[in-house]
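*Asks:* I have a structure I would like to understand better, so I am pasting it below and will then ask my questions one at a time.
The values are calculated or read from the model by the stated rules, or taken from the named source; none is laboratory data. Keep in mind the model is a prediction, meaning the values are calculated, not measured. Glycine also receives a Cβ, built like all others from the backbone with ideal geometry; neighbour counts cover every protein chain displayed. Accessible surface is based on the protein model in full, side chains and every heavy atom, while ligands, DNA and RNA are left aside. Shrake-Rupley method; radii C 1.70, N 1.55, O 1.52, S 1.80 Å.
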Amino acid sequence: MTFRSLETADLADKRVLVRVDFNVPMEGGVITDDTRLRSALPTIHYLSSKGAKVILLAHFDRPKGKRVPEMSLAPVVAPLSVLLSQPVLFGEDCIGEAAYKAVAALENGDVAVLENLRFHPGEEANDPAFVTELAAIGDLYVNDAFSAAHRAHASTEGLARLLPAYPGLAMRRELDMLDAALGKPVKPVLGIVGGAKVSTKLDLLNNLVRKLDRLAIGGGMANTFLAAQGHDVGGSLCEHDLGDTAREIMASAKAAGCELLLPVDVVVAREVKPGTATRTCGLEEVKAGDLILDAGPATVERLLAAMDASKTLIWNGPLGVFEVPPFDMATVAAAKHAAALVTAGKLVAVAGGGDTVSALNHAGMAGEMTFVSTAGGAFLEWMEGKVLPGVAALEV
Ligand code: AMP
């Protein structure tokens with residue numbers, strides 16, 4: 001993948017349309033977590049410092065092509081201004097008269113946020129007429145919203161076809177890290193896939209077994225594999241109807257030379273409750289009514305050894321019901337060990353998708369990984385080996 005580099009762009013006096021992810025959690029018009037605003041700061045600072053007029057484009061929530069006042073982006077303006085330590089202007093619309101006015105008011109280095117792209121049906125439809133209207137207010141296009149790159153929308157794909165297009169700094173780092181984890185990783189590569197169900201991760205598993213040297217399967221989804229091998233998983237979460245699928249994945253892994261690491265022991269309980277009585281046992285000792293809620297110590301030991309023997313780790317999904325201690329034991333132990341190896345310079349560890357970020361935060365280790373993607377759906381689609389339209393459109 002080759003991209004234009006912002007460092008080589010002539011930015012002074014240019015109107016730069018920057019697609020950011022400002023789809024922040026909000027309650028009553030107040031942002032409850034500003035991580036996404038913070039992620040956009042390096043690119044905004046960079047463009048502003050080079051004398052560009054920075055025009056931020058984003059969506060918020062799902063207004064479905066209509067102007068919904070509660071879904072305005074206006075509430076991000078003040079917090080963004082505080083984070084940037086500079087004034088931020090607001091345009092009441094992202095196209096037309098209001099957008100022109102907002103952009104015309106910008107001096108070099110100034111920043112504006114334009115109103116929710118999804119107030120227009122043309123955004124999600126990637127309507128060429130809407131793309132043309134957006135492009136009319138900019139000279140260059142920067143995409144810094146990897147989390148929206150799995151959608152071929154006007155602001156994520158269409159604009160890159162009309163204006164000189166660049167990945168922003170956060171997008172660039174995400175792409176570099178994903179490349180280091182799965183594109184061109186240093187081998188051997190270990191994957192950890194956990195979480196609830198096999199059915200939501202079929203494409204993911206099928207792609208990973210073709211690419212990785214080892215793949216550890218944990219969480220509820222491991223139960224489906226254990227059952228497919230003939231083990232009794234008691235009353236555990238298990239997709240019994242996916243036995244054939246699980247066996248096919250095991251066969252693909254074997255054919256591709258990917259060693260599958262399934263649990264060899266488990267932690268069971270009768271209910272999912274903090275402080276409930278637990279039992280650690282081998283696979284043959286799971287009784288009717290037992291719920292497998294975490295991997296056992298022997299399984300964890302083997303996983304940590306597999307990390308020691310690897311140079312790259314890619315991780316999606318918790319290894320147990322990490323929200324309810326003590327069923328966070330395997331997830332926390334794996335996170336701590338990965339973090340120690342990263343700190344020692346022995347492992348590149350990239351994690352993301354779904355509950356993985358909260359699991360790593362729970363372990364207190366999110367900051368210790370080489371990279372943690374908060375992109376959710378886009379990260380998973382990339383792990384599935386799919387082409388992300390918003391990334392493909394940036395390639396030169
Ligand atoms: P996912 O969104 O597919 O990554 O699934 C994450 C969820 O899987 C978390 O809420 C975990 O509590 C749940 N989970 C992990 N292991 C198990 C298990 N053994 N039984 C039931 N749920 C599990």
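*Asks:* Can you tell me the length gained on complete extension of the stretch R4 to A288, counting 0.36 nm per residue apart and subtracting the Cα distance? Don't skip to the answer; put the middle values down first.
*Replies:* On the way: separation 284, 0.36 × 284 = 102.24 nm, distance 5.87 nm.
Here the answer is 96.4 nm.
*Asks:* By average Cβ neighbour count within 10 Å, what is the ranking of 196-203, 349-356, 6-13 from highest down? Don't skip to the answer; put the middle values down first.
*Replies:* Details: 196-203: 17.6, 349-356: 24.1, 6-13: 13.9.
Answer by packing, highest mean first, reads 349-356, 196-203, 6-13.
*Asks:* Tell me, what ³J(HN,Hα) does each residue in segment 210-222 have, in order and in whole Hz, if you take phi through Karplus 6.51 cos²θ - 1.76 cosθ + 1.60 with θ = phi - 60° and put x for Gly and Pro?
*Replies:* 7, 10, 9, 7, 9, 9, 8, 10, x, x, x, 5, 4
*Asks:* Determine the dipole magnitude for segment 185-383: charges of +1 sit on the beta-carbon of Lys and Arg, -1 on that of Asp and Glu, nothing else is charged, the reference point is the Cα centre, and the result goes in debye to the nearest 20. Spell out each step's value before the answer.
*Replies:* Numbers: 16 positive and 21 negative charges, 102 e Å.
Magnitude of the dipole: close to 500 debye.
*Asks:* Provide the net charge surrounding P188, with neighbours chosen by a C-beta distance below 10 Å and charges set as Lys +1, Arg +1, Asp -1, Glu -1.
*Replies:* Working: positive: K187, R214, K311; negative: D213, E259.
Taking every other residue near P188 into account, the sum is +1.
*Asks:* What ³J(HN,Hα) values, in whole Hz, does the Karplus curve 6.51 cos²θ - 1.76 cosθ + 1.60 give for segment 14-30 when θ = phi - 60°, with x put for Gly and Pro?
*Replies:* These are the phi-based 3J(HN,Hα) values: 8, 8, 10, 7, 10, 7, 10, 9, 10, 7, 8, x, 9, 10, x, x, 10 Hz.
*Asks:* How much length is gained on full extension from R38 to D179, taking 0.36 nm per residue of separation minus their Cα-Cα distance? Walk me through the intermediate numbers first.
*Replies:* Working: separation 141, 0.36 × 141 = 50.76 nm, distance 2.32 nm.
Additional length available on full extension: 48.4 nm.
*Asks:* Could you calculate the FRET efficiency of N108 with D61 from 1/(1 + (r/R0)^6), where r is the beta carbon distance between them and R0 is 41 Å, rounded to 0.05?
*Replies:* Working: r = 32 Å, r/R0 = 0.79.
So, using R0 = 41 Å, E works out to roughly 0.80.
*Asks:* Give me the percent of the accessible area of the chain that comes from carbon and sulfur atoms, probe 1.4 Å, all protein chains in place. List each step's numbers first, then the result.
*Replies:* Working: 8540 of 16110 Å².
Here it works out to 53 percent.
*Asks:* For a test of the definition: using alpha carbon positions, the gyration tensor, and the 1.5 limit on a/c, classify segment 88-173 as rounded, prolate or oblate. Working shown, then result.
*Replies:* Details: a/c = 1.66, a/b = 1.17, b/c = 1.43.
Judged from the Cα gyration tensor, segment 88-173 comes out oblate (a/c at least 1.5, b/c at or above a/b).
*Asks:* With point charges of +1 on the Cβ of Lys and Arg and -1 on the Cβ of Asp and Glu, referenced to the Cα centre of segment 185-383, which listed residue (A251, A335, L313) lies farthest in the positive direction of the dipole?
*Replies:* Highest projection toward the positive end goes to L313.
*Asks:* Per residue, how many Å² of accessible area does the chain show with a 1.4 Å probe? Can you show the working numbers first?
*Replies:* Working: 16110 Å² over 396 residues.
On a per-residue basis, the chain sits at 41 Å².
*Asks:* Any idea what the relative contact order of segment 217-307 is, in percent, if you count C-alpha pairs under 8 Å spaced at least 6 apart? Before the final figure, lay out each step's value.
*Replies:* Values: 151 pairs, mean separation 30.6, N = 91.
The normalised contact order for segment 217-307 reaches 34 percent.
*Asks:* Still on this model: Can you give the helix-only mean residue ellipticity at 222 nm for the chain, where every DSSP H stretch with n ≥ 4 adds -39500 (n - 2.57) and the sum goes over all residues, rounded to the nearest 500 deg cm²/dmol? Please report the intermediate quantities before stating the final value.
*Replies:* Values: 15 runs with 138 residues, N = 396.
So the helix-based figure for the chain works out to -10000 deg cm²/dmol.
*Asks:* What are the residues whose amide H is under 5 Å from the amide H of W315, where those residues sit 5 or more places off or on another chain and H is modelled from the backbone?
*Replies:* Close amide H contacts, sequence-distant or interchain: I192, V350, A351, G352.
*Asks:* Another one. Tell me which residues come under 5 Å, amide H to amide H, from S236 once H is placed; ignore anything under 5 positions away on its chain.
*Replies:* I292
*Asks:* Report the gain in length on full extension from L162 to D241: 0.36 nm times residue separation, minus Cα-Cα distance, nm rounded to one decimal. Spell out each step's value before the answer.
*Replies:* Working: separation 79, 0.36 × 79 = 28.44 nm, distance 4.77 nm.
Fully extending the segment from L162 to D241 adds 23.7 nm.
*Asks:* Show me, for segment 282-294, the HN-Hα J-couplings you get by feeding each phi into the Karplus relation (A = 6.51, B = -1.76, C = 1.60, θ = phi - 60°), rounded to Hz, glycine and proline as x.
*Replies:* The phi angles translate into x, 5, 7, 9, 7, 9, 4, x, 6, 10, 7, 10, 7 Hz.
*Asks:* Net charge around D308, counting only other residues with Cβ within less than 14 Å of its Cβ (Lys, Arg = +1; Asp, Glu = -1)?
*Replies:* On the way: positive: R214, R302, K311, K336, K346; negative: D213, E301.
Its environment carries a net charge of +3.
*Asks:* Which of the lysines could be linked to K101 by a straight reach, that is with a Cα gap under 28 Å, when you skip same-chain ones fewer than 8 residues away?
*Replies:* By straight Cα distance, K101 reaches K14, K50, K53, K64, K66.
*Asks:* Also: If Lys and Arg each add +1 and Asp and Glu each add -1, what is the summed charge of the other residues whose beta carbon sits under 13 Å from the beta carbon of R172? Intermediate values should be presented prior to the final figure.
*Replies:* Working: positive: R4, R173; negative: E7, D144, E174, D176, D179, E395.
Net charge around R172: -4.
*Asks:* If you don't mind, there's one more thing I want to ask. With +1 assigned to the C-beta of every Lys and Arg and -1 to the C-beta of every Asp and Glu, and no other charges, what is the dipole magnitude of the chain about the Cα centre in debye, to the nearest 20? Could the numbers behind the result be given before it?
*Replies:* On the way: 36 positive and 48 negative charges, 127 e Å.
In total the dipole reaches around 600 debye.
*Asks:* Right, another one. Just check segment 185-383 against the gyration tensor rule for me: Cα atoms, a ≥ b ≥ c as the square roots of the eigenvalues, rounded for a/c under 1.5, and otherwise prolate or oblate depending on whether a/b exceeds b/c.
*Replies:* Because a/c hits 1.5 or more and a/b fails to exceed b/c, segment 185-383 counts as oblate.
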